[in-house]
Amino acid sequence: MIDKFENYLNLGKAKKKTPDISEANSLLEKAKLRIEFMRELNEKTASLFLEDSYEAAREAAQCLMSIKGFKPYSHEATISFLKEYYKQDFTEYEINQFDRFRELRNNSVYKAEPVITNDALKCLEFARNLIKKIEQIKDKK
């Protein structure tokens with residue numbers, strides 16, 4: 001469960017820093033590039049697709065943190081940041097999806113648990129939509 005962003009700051013899992021638009025732009029471009037190079041989704045590649053899709057979503061979210069002058073040191077802090085600082089832009093469902101994909105990615109990376117193709121596809125779709133939404137938010141600034 002995602003905690004309040006202030007708790008991640010207090011625990012050192014996120015820190016305040018100088019806003020960095022250049023870093024934000026680089027993170028967003030890296031996220032888009034990561035999605036662009038994903039090719040063939042099947043049972044063998046599903047875990048890689050999910051891991052890369054999640055990573056692209058995380059990088060895009062971190063872009064908004066850089067704009068506001070924060071640096072995450074945990075994935076939960078990144079999701080919490082979106083939930084609190086951009087609650088008008090992201091639904092509770094989207095936040096919960098992001099957290100679910102974080103858990104699936106962690107289980108794949110750290111426990112070598114298999115990923116089903118459907119979850120990988122949903123994560124890829126989620127990442128693409130999140131990146132588009134973050135681009136729109138960033139362009140408003």
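The values are calculated or read from the model by the stated rules, or taken from the named source; none is laboratory data. Since we're looking at a predicted model, the values are computed, not measured. Because the Cβ atoms are built from the backbone with ideal geometry, glycine has one as well, and the counts that use them run over all protein chains shown. Note: accessible area is taken over every heavy atom of the protein model, side chains too, but ligands, DNA and RNA are not part of it. Shrake-Rupley method; radii C 1.70, N 1.55, O 1.52, S 1.80 Å.
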Inset, instruction - Go through the range 79-98 residue by residue and tally those that are touching a residue at least 24 places away in the same chain (Cβ under 8 Å) and either closer than 15 Å to residue 13 by Cβ or surrounded by fewer than 16 Cβ atoms within 10 Å (Cβ to Cβ) (or both). - result: 6
Legend entry - Matching residues, the range 16-27, being within 21 Å of residue 57 (Cβ to Cβ) and open to solvent by 90 Å² or more (accessible area, probe 1.4 Å): 21
Legend entry - Matching entry among 48, 9, 41, 33 (being touching a strand residue (DSSP E or B) at 6+ places or on another chain (Cβ under 8 Å) and open to solvent by 30 Å² or more (accessible area, probe 1.4 Å)): 9
Legend entry - One residue from 111, 132 being of a type in the set (Lys, Arg), without any contact (Cβ under 8 Å) to a residue 24 or more places away in the chain and over 17 Å from residue 25 (Cα atoms): 111
Legend entry - Filtered residues of the range 127-141 (kept if under 19 Å from residue 21 (Cβ atoms) and hydrophobic (A, V, I, L, M, F, W, C)): 131, 134, 137
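Step by step: first the residues of the range 51-77, then only those that are among the hydroxyl-bearing types (Ser, Thr, Tyr) and touching a residue at least 60 places away in the same chain (Cβ under 8 Å), then the one that is most open to solvent (accessible area, probe 1.4 Å). Which residue is that? Spell out how you get there, then give the answer.
Here is the first cut: in the range 51-77, the residues among the hydroxyl-bearing types (Ser, Thr, Tyr) are 53-54, 66, 73-74.
Pick out the ones that are also touching a residue at least 60 places away in the same chain (Cβ under 8 Å) and you get 53-54, 73-74.
Working: 53: 0, 54: 1, 73: 132, 74: 18 Å².
Filtering the range 51-77 for residues that are among the hydroxyl-bearing types (Ser, Thr, Tyr) and touching a residue at least 60 places away in the same chain (Cβ under 8 Å), the one most open to solvent (accessible area, probe 1.4 Å) comes out as 73.
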